[in-house]
Amino acid sequence: MFEIYGRNNCVWCDRAKALLDEKGLSYTYRNIETNPAYLEDFLEDFKGKKTVPQIRQIKMDGYNYIGGYEDLVRYLHD
């Protein structure tokens, strides 16, 4: 399971969702523009990151930070 933090009209967010769909992998999309709680989480959990998408994998023992779209592509092809 993955979490994607993104915003409206984000081509790279759309590509990340499409890639996970293509691979049959589940994810939750968190739009930081439409939900203030997601923005708060984004600012706290991804300190210093200013671009979207920011992607992480949910694991039993916490999170595995992936990064942006290009990082997701590398992660899935390794």
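As a length-normalised measure over Cα pairs under 8 Å and 6 or more apart, the relative contact order of the chain settles at 35 percent. Per-atom-type breakdown for the chain gives carbon and sulfur 47% of the accessible area (1.4 Å probe, protein chains only). Checking the Cα-Cα distances for Lys23/Lys49; Lys23/Lys50; Lys17/Lys59 against a 24 Å cut-off, the pairs over it are Lys23/Lys49; Lys23/Lys50. Projecting the Cα atoms of Trp12, Phe2, Asn35 onto the dipole axis of region 1-58, where Lys and Arg carry +1 and Asp and Glu carry -1 at the beta carbon, places Trp12 farthest toward the positive end.
For the chain, what is the accessible area per residue in Å² when the probe is 1.4 Å? Intermediate values should be presented prior to the final figure.
Details: 5040 Å² over 78 residues.
That works out to 65 Å² per residue.
For Arg30, the residues 5 or more places off, or on other chains, whose built amide H falls under 5 Å of its own are Ile4, Tyr5, Gly6.
Once you have the Cα-Cα distance between Asp41 and Tyr29, take 0.36 nm times their residue separation minus that, and quote the gain in nm to one decimal.
That pair, Asp41 and Tyr29, stretches by 3.0 nm at full extension.
Write down the percent of antiparallel bridges among all DSSP beta bridges whose residues are both part of the chain, to the nearest 5. So the antiparallel bridges in the chain amount to around 65 percent.
Just how many % of Cα pairs in the chain lie over 18 Å apart, if you round to the nearest whole percent? Pairs farther apart than 18 Å: 33 percent.
Per residue of the chain, the DSSP helices (runs of n ≥ 4 H) give a summed -39500 (n - 2.57) that works out to -12500 deg cm²/dmol at 222 nm.
The values are calculated or read from the model by the stated rules, or taken from the named source; none is laboratory data. Nothing here was measured: the structure is a model prediction, and the numbers come from that model. Here the Cβ is made from the backbone with ideal geometry for all residues, glycine too, and neighbour counts use every protein chain on show. For accessibility, only protein heavy atoms count, side chains too; no ligands or nucleic acids. Shrake-Rupley method; radii C 1.70, N 1.55, O 1.52, S 1.80 Å.
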